[in-house]
Amino acid sequence: MKKGAVGASGLAAGSAGCAPLLTGAGLGSGGTDVSAYLEQFDRATLRLQAWDFSTAFPDYRGDRAALDTVGRNAIRTLYVTGMFGDLPIEGQVHPAVQERMWAAQPVLDGTIDAMTTLLSGMTPEDHARLQRGVRTHPDVVERLVEVVDAQAAVSGLSEARREQFRSQVQHVTWRLENQPPRLLIDEYLTKVRKVSAAEVETAAYQRWLTARVGEEAFWQEEQSKRDRRISGGLRTMGIGAIILGASGLLLLVASGADIALGIGAVGATVGSIFILVGLIRLLLGLATSRDAG
């Protein structure tokens, strides 16, 4: 698979500053609202870069360094795409926001690659072990939710993202408990591959977006970005379309959703569920101290 990323808009927070900051007249002028949003984003990004994911799972008996790397990048991916998806369109096309999405591309790509490798290489025995783990150790999944929620709470994502993530956990957990795990895993491997490889010209989306933010605002950064490759990661996260302009509209490719839902509202759900399945597989499908002799 080509480098891609997944993303999920599942993270969220109930902190006082969780509402989108890029609102009102300051959007196109680099005003204080933009500065406050970017400061919050940059602080959270730096904190997550230094965070040890494995400390939340003391019973984990696999490769803890690998768990730290994969877990940290997964949460960063969820955070980046959640923050982006929470913005109004006017905020998403702001040049400084766009630059941060470009800077995050390697993390997004690395996350989708890691999860794809993790899930595509599973054997029937791995599937059985994963299902057994979900059924017998629900506390591990509960702890994962707590960890994600805590990071979201201090990072400034919306309450809607927080609730979305909880709903996704319930959906994924039910399917892993009650269906052959292969069904869910194969479904999302197929979806992610399809979305990350998609190259779609969508004139309707361009017309809708330019009507929202104006022709000049929409294309102000496009010329300098024209030769940059939109990675599968950006597309899977629901970010590629807003950066690329008329090309690569993830939402429509992934789900057939109404354009008016906006970037990150639906399409990124594919990525977030994919990440969630990968994290659960990593935590439960290998070993905990209670399973290891």
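All of the numbers you see were taken from the coordinates with simple rules; none came from a lab. All figures in this text were calculated on a predicted structure; none of them were measured in a lab. Here the Cβ positions follow ideal geometry from the backbone for every residue, glycine too, while neighbour counts run over all protein chains shown.
Looking only at region 121-134, decide whether some residue is under 21 Å from the mean Cα position of the chain (by Cα) and surrounded by 15 or more Cβ atoms within 10 Å (Cβ to Cβ). Break it down stepwise before answering.
First, pick out the residues of region 121-134 that are under 21 Å from the mean Cα position of the chain (by Cα): none.
Looking for residues that are under 21 Å from the mean Cα position of the chain (by Cα) and surrounded by 15 or more Cβ atoms within 10 Å (Cβ to Cβ), one finds none in region 121-134, hence no.
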*Tally, over region 41-63, of residues that are assigned to a helix (DSSP H, G or I) and out of contact with any Asp or Glu (no Cβ under 9 Å at 6 or more places or on another chain)*: 9
*Would you point out the residue of region 50-88, among those that are crowded, with 19+ Cβ neighbours inside 10 Å and of a type in the set (Val, Ile, Thr), that is farthest from Arg162 (Cα to Cα)?*
Val70
*Identity of the residue in region 32-63, touching a helix residue (DSSP H, G or I) at 6+ places or on another chain (Cβ under 7 Å) and among the small types (Gly, Ala, Ser), that ends up farthest from Leu284 (Cα to Cα)*: Ala44
